[in-house]
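The values are calculated or read from the model by the stated rules, or taken from the named source; none is laboratory data. Just so it is clear, the model here is predicted, and its values are computed rather than measured. Cβ sites come from the backbone with ideal geometry, for glycine too, and all protein chains shown count toward neighbours. In case anyone asks, the SASA skips ligands and DNA or RNA and just uses the protein heavy atoms, side chains included. Shrake-Rupley method; radii C 1.70, N 1.55, O 1.52, S 1.80 Å.
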Amino acid sequence: MRVLQLIDSLDAGGAERMAVNIANLNAKEGITSFLCSTVKSGALEKIIDNNVNFFILGKSGKIDVKAFVRFFNYVKNHDIQIIHAHSTSVQLAVLTRLRYPHIKIVWHNHYGMSTKMRGLSLFKIKLLSKFINVSIAVSEELLNWSTQNLSIKHNYYLNNFPIFSTNLIAQTKLYGEFGNRVLLLANLRPIKNHIALIDAFIEAWTSFPRWTLHLVGNDFGDEYGRSVREYIVKNNLEDSVFVYGSRQDIPYILSQVNIGVIASKSEGLPLSLLEYGNASLPVIVTKVGQCEEVVGKDGIVINDVKTEMPQALKKLFASEGHDLKKMGSALKKNIDKHYSAQKFMQSLLPIYNVLVKAK
């Protein structure tokens, strides 16, 4: 079996990490595994398994005919049977199937805001869906949306899963005191709601000034990233709120913090939540995507960051260390049971097998 994972970049985001993780696991399962980043490489290239055939297409812009032809030739020359496309890379996958109709397409939809699509965006994905064999959703909401709105016959909901690379050097030393650190692991994008979280942290921090907030995730150098940094300076929080940018030594970072948070306005199933749980951290999360299902009673789920996050933070800040560890340990047991790589592959491999056998 010859399967190619398709993703637009290897920046350290959730969809990108899943593309790399699946490519690595496929190789371990004996599948001839390929991974293509359509635009550029990124920090995640360091964790690609040596048995994965990796290449960067170098596509410039939405329409790059020369890049399309290079990709078509690569797929043909390597006899690719399945293109497992993640998020927006599905457009290139469909173009390839129009050229080679025998190729099967799996679309892995990681984007929680897909359910809000309207107008031209919805029209485009509906058109593309006619050429997609299988969709994989990372939340039940996305599964229902795909089933109801698209022309894809086979739709599945598969849980994300955390995998930590063991060969990364521990480099990132966090500021602040150990025992009093809160972490948001999320790229600097508006949907992740950093500024609302900072406001909530300020309200809780006035009663618990020893605590610090740590923001780890890719800063794209855009207006939003600048606004987050400027907001910290404007509120004189340089000694309490810290921005680190993209980091690879996530396990080491997680070992230095005491609470993990998600403040997102929308999500599918955030990989950061699974990573918090895998590290036995107590969590506070917004009620988006599959967050509530993952956390259950083993954490705090809130509806609104502005009104509920400050009290949730205060509650955990006031807790004894053993209470926090107890909450984190309960979440880890749930993650280990329901969100493992093994469980994911047990669901994915039969999908691949059916596609390869289909005419």
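Provide the gained length on full extension for the span N235 to Y175, in nm with one decimal, where the gain is 0.36 nm per separating residue minus the Cα-Cα distance. Contour length minus Cα-Cα distance gives 19.8 nm. Among H214, A204, N193, whose Cα projects farthest towards the positive end of the dipole of the range 105-215, with charges put on the beta-carbon of Lys, Arg (+1) and Asp, Glu (-1)? The Cα lying farthest towards the positive end belongs to N193. For the range 1-153, pairs of C-alpha atoms spaced more than 26 angstrom apart make up 21 percent of the total. Based on Cα atoms of the range 236-341, Rg over Rh with Rh as the Kirkwood radius reads 0.95.
Against the longest principal axis of the chain, how steep is helix 14-28, in degrees 0 to 90 to the nearest 10, with axes from Cα atoms? Taking the Cα atoms of the chain, the angle to 14-28 is about 60 degrees. Summarised in one figure, the compactness ratio Rg/Rh of the range 75-137, Cα atoms and Kirkwood Rh, is 0.99. In the range 227-280, the C-alpha radius of gyration followed by the widest Cα-Cα span (Dmax) gives 13.3, 35 angstrom.
Which of K337, K126, K287 moves most in a GNM of the chain, Cα contacts under 10 Å? The residue that fluctuates most here is K337.
Computed with a 1.4 Å probe over protein heavy atoms only, the accessible area of E177 comes to about 80 Å². Helix 140-149 versus the longest principal axis of the chain: what angle, 0 to 90°, nearest 10, using Cα atoms? Roughly 40 degrees, rounded to the nearest 10. Placing +1 on each Lys and Arg Cβ and -1 on each Asp and Glu Cβ, with no other charges, gives the range 199-335 a dipole about its Cα centre of roughly 380 debye.
Can you tell me how the range 35-94 classifies by the Cα gyration tensor, rounded, prolate or oblate, using a/c under 1.5 as the rounded cut? Oblate shape, in that a/c is at least 1.5 and b/c is the bigger or equal ratio. With an a/c value of 1.5 or above and a/b not larger than b/c for the gyration tensor axes a ≥ b ≥ c computed over the alpha-carbon atoms, the range 305-359 is described as oblate. Carbon-plus-sulfur accessible fraction, the chain (probe radius 1.4 Å, protein heavy atoms only): 51%. Charge dipole (Cα centre; +1 on Lys/Arg Cβ, -1 on Asp/Glu Cβ; no other charges) of the chain amounts to roughly 1340 debye. Measuring from centroid to centroid over Cα atoms, what is the spacing of the range 285-359 and the range 1-76 in Å? Between the Cα centre of the range 285-359 and that of the range 1-76, the gap is 27 Å. Here, the chain has an Rg and a Dmax of 20.7, 65 Å when only alpha carbons are counted.
Applying both filters, DSSP loop and at most 12 other Cβ atoms within 10 Å, to the trypsin sites (Lys or Arg not before Pro) of the range 154-216 gives K173, R210.
Within 13 Å, Cβ to Cβ, of L6, how many net charges do the neighbouring residues add up to if Lys/Arg are +1 and Asp/Glu are -1? Charge balance in the 13 Å sphere: +1.
Were the residues from R2 through R210 laid out at 0.36 nm apart, the gain over their Cα-Cα distance would be 69.6 nm. For I80, the shell of other residues with beta-carbons less than 10 Å away shows a net charge of +2, using +1 for Lys and Arg and -1 for Asp and Glu. Ordered by 1.4 Å accessible area with all protein chains kept, S255, S246 run largest first as S255, S246. Rolling a 1.4 Å probe across the protein heavy atoms gives the chain an accessible surface of 46 Å² per residue. Working note: Debye formula, equal point scatterers on the alpha-carbon atoms of the range 131-279, no solvent; log10 I(q)/I(0) at q = 0.12, 0.16 Å⁻¹ is -0.59, -0.92. Run the 1.4 Å probe and let me know the accessible area of W205, rounded to the nearest 10 Å². The accessible area of W205 comes to roughly 60 Å². Once the C-beta distance of K76 and V243 is scaled by a Förster radius of 56 Å, the resulting FRET efficiency is 0.80 to the nearest 0.05.
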